[in-house]
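Participant: Attaching a single structure in structure tokens format; questions to follow.
Coordinate-derived values only; no laboratory data. These numbers come from a predicted model, not from an experiment. Ideal geometry is used to build each Cβ from the backbone, glycine not excepted, and the neighbour counts take in all protein chains shown.
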């Protein structure tokens with residue numbers, strides 16, 4: 001009899017516990033870079049505070065987030081970079097029409113950068129300089145006769161583009177192209193700046209590294225862009241290895257969301273079309289998370305409080 005009572009209490013607890021758990025109405029995919037973690041958390045707080053809808057954050061790569069928006073298991077991607085993720089854009093926005101982009105975007109840029117000492121002391125001013133074996137040797141740390149440069153994380157869409165461009169311009173023969181986590185690369189930049197060590201690396205804006213250090217973007221040769229494929233990618237491998245452009249050109253990123261939100265959650269869809277981040281805002285976000293090591297959830301709550309006037313306009 002006692003055993004039966006215990007089972008009854010346990011079942012009652014399970015029913016009550018299940019009843020009290022509120023499932024998230026929205027799932028935001030969170031890709032692995034600092035600004036996306038910041039914007040995802042900020043959008044979560046805005047939707048929960050202003051629209052009273054529970055939101056879940058789910059870490060995933062670009063491919064998985066787009067697949068989720070298509071299937072209805074994820075509703076939002078906080079930062080779709082174009083042209084980097086053009087392949088995913090063509091598949092899900094243009095062909096399937098299961099994903100929509102906000103008409104508003106944040107201006108961005110990307111390329112190969114160097115520390116100020118690298119430019120002024122060693123005369124590395126253009127990516128063409130990296131094709132010179134003698135100049136490339138100043139970046140050689142493993143004594144194999146080739147320099148080393150970090151080109152991004154293996155799952156970033158931009159990484160395959162950098163590899164293709166290195167082959168296009170020829171510095172893949174003089175430089176070892178290193179793929180790896182961004183935190184380690186940023187630590188290497190900190191060290192290089194502090195001791196005046198020459199260093200070249202893939203860079204993009206908005207990013208806090210430009211606020212933290214004196215970083216110079218290397219020049220690029222003038223080419224006829226029409227003779228090259230548009231830089232694309234965004235899948236698990238980052239895109240086609242044949243994708244290359246003469247220059248990175250202008251970049252931007254948009255909020256993307258499941259097209260079905262227009263019918264199922266019109267207030268959310270309207271909000272997402274009106275959120276207007278800018279380059280300075282996003283640079284400040286990455287600085288707070290990476291340099292000041294603020295917790296993304298805590299930072300997002302503080303950010304929403306201090307930007308209430310802008311948010312009021314977004315939710316009208």
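Participant: Sort 285, 265 so that the residue with the fewest other Cβ atoms within 10 Å of its own Cβ comes first and the one with the most comes last. Spell out each step's value before the answer.
Facilitator: On the way: 285 26, 265 20.
In order of increasing Cβ crowding within 10 Å: 265, 285.
Participant: Could you work out how far apart the two model spin labels at residue 122 and residue 53 are, taking each label as a point 7 Å from the Cα in the direction of the beta carbon, and quote it in nm?
Facilitator: Roughly 5.0 nm, to one decimal.
Participant: What does the highest-first list of 86-99, 202-215, 38-51 look like by mean Cβ count within 10 Å?
Facilitator: Packing order, densest peptide first, comes out as 38-51, 202-215, 86-99.
Participant: For residue 316 and residue 95, calculate 0.36 nm times their separation in residues minus their Cα-Cα distance, and state this gained length in nm to one decimal.
Facilitator: Additional length available on full extension: 76.4 nm.
Participant: Packing-wise, with mean Cβ within 10 Å as the measure, how do 160-166, 52-58 rank, highest first?
Facilitator: Highest to lowest by the protection proxy: 160-166, 52-58.
Participant: Provide the FRET efficiency to the nearest 0.05 for the residue 32-residue 134 pair, computing r from the beta carbons and using R0 = 41 Å.
Facilitator: So, using R0 = 41 Å, E works out to roughly 0.65.
Participant: With a point put 7 Å past each Cα toward its Cβ, work out how far residue 187 is from residue 298 in nm, to one decimal.
Facilitator: 2.2
Participant: Given the stretch 108-227 reduced to its alpha-carbon atoms as identical point scatterers, what log10 I(q)/I(0) does the Debye formula return at q = 0.22 Å⁻¹?
Facilitator: Log10 of I(q)/I(0), two decimals: -1.47.
Participant: Right, next: I need the fraction of alpha carbon pairs in the stretch 33-166 separated by more than 21 Å, rounded to a whole percent.
Facilitator: The share of Cα pairs beyond 21 Å in the stretch 33-166 comes to 56 percent.
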